[in-house]
Structure formats: C-alpha cells, structure tokens
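A short worksheet on the structure shown next.
The values are calculated or read from the model by the stated rules, or taken from the named source; none is laboratory data. On a predicted model such as this, the values are computed, not experimentally measured, just so you know. As a convention, Cβ positions derive from the backbone with ideal geometry for all residues, glycine included, and neighbour counts pool all protein chains shown.
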C-alpha cells in the first residue's frame, strides 16, 4: 500500500488553496461588487459621477471581502466533490479512504463538514440569526486547527480524517476519464 502524505505536502496544498482562493476571490468580488454597486448608484436619478465612482469603490472593497469567503466555499465544495482542490491537485495528492481505496462522496462530505465546521456554522448563523452557532463554530474551528497537527503522528491523519475514515495519499496515475468515473461512483 502507498504511504500516506504527511504534514508538509498537506500544508503546502492549504497554502496554495489560500493564495489562489484569496487572489481569485478578491479580483472577482471586487469587479462584480464595483460594477453592481457603482452601476446601481449611477442609475439613480440625479446621481453625480463622483457619487457613482465612490459607490463603485466601496462596492469593490466589499465585493473583494465577500469574494474571498465565496472562493473558500468553492474550494471546500470542489475538494468534497473531487477529493482534491487546486492545492492537492498541484502537489499530486488526493483524499482517499483510510485504507487507500477511493473515498466515497459521503466520506468526503463528512470530512469537509468537520474540517470546515467553523465556516458551515458561520453560514448557519447568518441564515438563522442564532448567535451561539458562531461561538460553537469558533471552538470547533480551533479544535480542527489543533487537530491538523495529528498529521505529524504515525497514522498521518488529521482529526477530520479520523472522524470521516479518510486519509491523504499520493494521487494515482489514472486518466481523466478514470477520475471522473471514480468520482461519479464514489
């Protein structure tokens, strides 16, 4: 059986995801935020050119912040659906079952719900207005950050991997068609 991937590559994949997600989300969010808010203000009767530009600037700023959060959601969903977001893909690693076999969608979903519990509970807080969910999410997020250090152990599994029955392995040399079929079956 192939050796599980340790802390270094996994941390590197997280850094890549963070950089790509932040830059991409910031650019797209700024463009859309600036266009939407600036355009809305400019469309108002009697709005001056300066007011539209100022509104566009603040719309771009707000859009950049929202864009980063939105990119994080996209990365989490991508990783859940495929077993590897852009960072893992770039470093040639993938989420699999603990025994090295392909992980089912259900296992990847459970893993992501644990790994991204702070974000999930943050969204639920916004949707429901139940503030205690945010506090629970903050504690859960801290547990997951500390739990990532478990990868340094002999089993090379973070807490979210142990809870979901997954681990990270080097990606097999399979064709794109095989990968799509594996994801559809899993």
Requested in this report: Sort out which residues of segment 151-164 are under 19 Å from residue 140 (Cβ atoms) and either over 17 Å from the mean Cα position of the chain (by Cα) or part of a helix (DSSP H, G or I) (or both), and write them in order of number.
Outcome: 151, 157, 159, 160, 161, 162, 163, 164
Query raised in the report: If only one of 135, 175 is at pLDDT 90 or above, surrounded by fewer than 17 Cβ atoms within 10 Å (Cβ to Cβ) and more than 20 Å from residue 12 (Cα to Cα), which one is it?
Result: 135
Query raised in the report: In this structure, does residue 45 turn out to be more than 30 Å from residue 156 (Cβ to Cβ), modelled with pLDDT under 90 and in a helix (DSSP H, G or I)?
Result: no
Requested in this report: Report, by residue number, each residue of segment 103-118 that is in contact (Cβ under 8 Å) with a residue 12 or more places away in the chain and surrounded by fewer than 17 Cβ atoms within 10 Å (Cβ to Cβ).
Outcome: 104, 105, 109
Query raised in the report: Would you say residue 93 is under 30 Å from residue 3 (Cα atoms) and either buried (at least 21 other Cβ atoms within 10 Å of the Cβ) or modelled with pLDDT of 95 or more (or both)?
Result: yes
Report task. Could you check residue 53 against (1) loosely packed, with under 15 Cβ neighbours inside 10 Å; (2) assigned to a loop (DSSP other than H, G, I, E, B) and say which number it fails? Result -> (2)
Report task. Having 3 or more residues that are out of contact with any strand residue (DSSP E or B) (no Cβ under 7 Å at 6 or more places or on another chain) and under 17 Å from residue 163 (Cβ atoms) is the bar; report the helices (runs of 4 or more DSSP H) wholly within segment 84-130 that clear it. Result -> 105-115, 117-128
